[in-house]
Amino acid sequence: MSIASAFGFGGKKVRYAVVGLGDIAQASMLPGIKHTGNSELVALVTGDPEKARKVADQYGVEDTYSYEQFGAMLASGKVDAIYLATPNWRHAEFAVPALEAGIHVLCEKPLEVSVAQGEAIRAAAQASSAKLMTAYRLHFEPGTLDAIGKIRDGQLGDLVAFTSCFGQMVDPDNHRTENGIEAGPLFDMGPYPINAIRYLFGAEPVEVVSAVGVRRSPAQAANFDDTLAVTLRMPGNRLAQFTVSYAMNNVNSLIIAGTEGSIQMSPAYGFGDPIEQNVTIGEKKSHESFKATDQFGGEMKYFSACILEDREPEPDAEEGLADLRVIEGIVRALETGEPQTLPPFTRTRRIDPKEQVQTLRYVSPPANEVNAASPTG
């Protein structure tokens, strides 16, 4: 086997259309597609003609489509899969017809903004020959998978508690401040600690014990709470707590603690910087830094391999629905001020920390985005 073939170059590639050209697509996914080796960018879909023209020129893409032309793109025969990066509440709008047309879908998280809409996507995937993956990039990040491995090996003993803080100072002019709770920190940032709780405990939350929201910066987010604190009960009377915020300086950290030890990760959810672990086992303390990887390119490389090898991806629709179940419970707790028992849920498949690790080198974002901006300005 040649070196090029060993790394995925020179073989068959999955042809992607990127749907939605906001910050996450322009700054994070587009720069790394080429170096996956098994994926190529062939089309763009956006409602902004200037974005279409300039981003297409930047990446040498010939085919661009408006949202209204999405059906024509699906029928073109030029696209095998889409990377879906529209606002969360528009995921089903594009994922369902794509799956019905036999086009594979890599859908940004959360899968949608309600369990009902997420179920519609899952039903379309189950009825389709195409595959669906929810884009949980940390399911492929070496430091995260290492932490899962340590826990599964029993190094922390019986798990007791989890706590996390994830915040950023969102620009008042960013679209996230103008679209209510579905664009706020619960739906935008909450999936990170919720997903971490689930993959570190290897279990599903059973109750939203409490959820409290406050509005610290009315000028930034006048129509929803910009800071939320949540406590979840896990099976076995274990507790998990997290805070997400649009009104604090950048922070993303977690601690998972058991009877024999603990792991502290900071940063825990970011990309572009090394993932850091501080581990305490008994009295012994250690530190490990995991080199920054291209988390977006890595998840696409994994999904494309699943398509080319006809394997089912791990973070599927069920994984997306598992987090939406918790998010809906948190919304009910915020509305009622009362604890919320979560409906029973069994995850039939979990992360394989040995098989899913991806180590593509980190790719820097472009110097300038076209009519898009980072949430923090």
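The values are calculated or read from the model by the stated rules, or taken from the named source; none is laboratory data. Computed from a predicted structure; not experimentally measured. Every residue, glycine among them, receives a Cβ derived from its backbone with ideal geometry; neighbour counts consider all protein chains shown.
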- Note on the structure: Reported set for the range 248-269 where residues are under 23 Å from S28 (Cα atoms) and surrounded by fewer than 20 Cβ atoms within 10 Å (Cβ to Cβ) is M248, N249, N250, V251, S253, S266, P267
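Conditions (1) more than 25 Å from the chain's Cα centre (by Cα); (2) of a type outside the set (K, R); (3) within 22 Å of E299 (Cα to Cα), marked per residue:
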{"residue": "G11", "(1), (2), (3)": "yes, yes, yes"}
{"residue": "P31", "(1), (2), (3)": "no, yes, yes"}
{"residue": "K34", "(1), (2), (3)": "no, no, yes"}
{"residue": "N38", "(1), (2), (3)": "no, yes, yes"}
{"residue": "A43", "(1), (2), (3)": "no, yes, yes"}
{"residue": "E50", "(1), (2), (3)": "yes, yes, no"}
{"residue": "N88", "(1), (2), (3)": "no, yes, yes"}
{"residue": "L99", "(1), (2), (3)": "no, yes, yes"}
- Note on the structure: Scanning the range 64-83 for residues that are touching a residue at least 40 places away in the same chain (Cβ under 8 Å) and not in a helix (DSSP H, G or I), the one surrounded by the fewest Cβ atoms within 10 Å (Cβ to Cβ) turns out to be K78
- Query: Considering only residues of the range 101-125 that are out of contact with any Asp or Glu (no Cβ under 8 Å at 6 or more places or on another chain) and touching a residue at least 40 places away in the same chain (Cβ under 8 Å), which is farthest from N88 (Cα to Cα)?
  - Reply: E119
- Task: Could you tell me whether any residue of the range 289-305 is among the aliphatic types (A, V, I, L, M) and assigned to a helix (DSSP H, G or I)?
- Result: yes
- Of all residues making up the range 324-357, the number that are in contact with a Lys or Arg (Cβ under 7 Å, 6 or more places away or on another chain) and either assigned by TED's automatic domain parsing to the domain that holds V212 or farther than 24 Å from I121 by Cα (or both): 1
- Task: Run E276 past the list (1) crowded, with 18+ Cβ neighbours inside 10 Å; (2) assigned by TED's automatic domain parsing to the domain that holds K150; (3) closer than 27 Å to T36 by Cα and report the number of the one that doesn't hold.
- Result: (1)
- Here are some conditions: (1) outside the structural domain of A56 (by TED's automatic domain parsing); (2) in a helix (DSSP H, G or I); (3) of a type outside the set (S, T, N, Q). A367 meets all but one. Which one does it not meet? (2)
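Picking from F271, F303, which residue would you name as being under 27 Å from T36 (Cα atoms), touching a residue at least 24 places away in the same chain (Cβ under 8 Å) and either of a type in the set (V, I, T) or in the same structural domain as C165 (by TED's automatic domain parsing) (or both)? Before the answer, list the steps.
On the way: F303 fails: either of a type in the set (V, I, T) or in the same structural domain as C165 (by TED's automatic domain parsing) (or both).
Just one listed residue meets the conditions, F271.
Can you tell which of D146, D158 is under 22 Å from V357 (Cβ atoms), touching a residue at least 24 places away in the same chain (Cβ under 8 Å), surrounded by fewer than 20 Cβ atoms within 10 Å (Cβ to Cβ) and in contact with a strand residue (DSSP E or B) (Cβ under 8 Å, 6 or more places away or on another chain)? Give the derivation first.
Values: D158 fails: under 22 Å from V357 (Cβ atoms).
Result: D146 is the single residue among D146, D158 that is under 22 Å from V357 (Cβ atoms), touching a residue at least 24 places away in the same chain (Cβ under 8 Å), surrounded by fewer than 20 Cβ atoms within 10 Å (Cβ to Cβ) and in contact with a strand residue (DSSP E or B) (Cβ under 8 Å, 6 or more places away or on another chain).
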- Query: Given (1) among the hydroxyl-bearing types (S, T, Y); (2) surrounded by fewer than 16 Cβ atoms within 10 Å (Cβ to Cβ); (3) at pLDDT below 95, where does S129 come up short, assuming only one miss?
  - Reply: (3)
- Query: P97 is checked against (1) in a helix (DSSP H, G or I); (2) touching a Ser or Thr at 6+ places or on another chain (Cβ under 8 Å); (3) not hydrophobic (A, V, I, L, M, F, W, C) and fails just one. What number does that condition carry?
  - Reply: (2)
- Query: Does any residue of the range 149-169 turn out to be out of contact with any helix residue (DSSP H, G or I) (no Cβ under 7 Å at 6 or more places or on another chain) and at pLDDT below 95?
  - Reply: yes
- Just a yes or no: is a residue in the range 173-181 in contact (Cβ under 8 Å) with a residue 24 or more places away in the chain and touching a strand residue (DSSP E or B) at 6+ places or on another chain (Cβ under 7 Å)? no
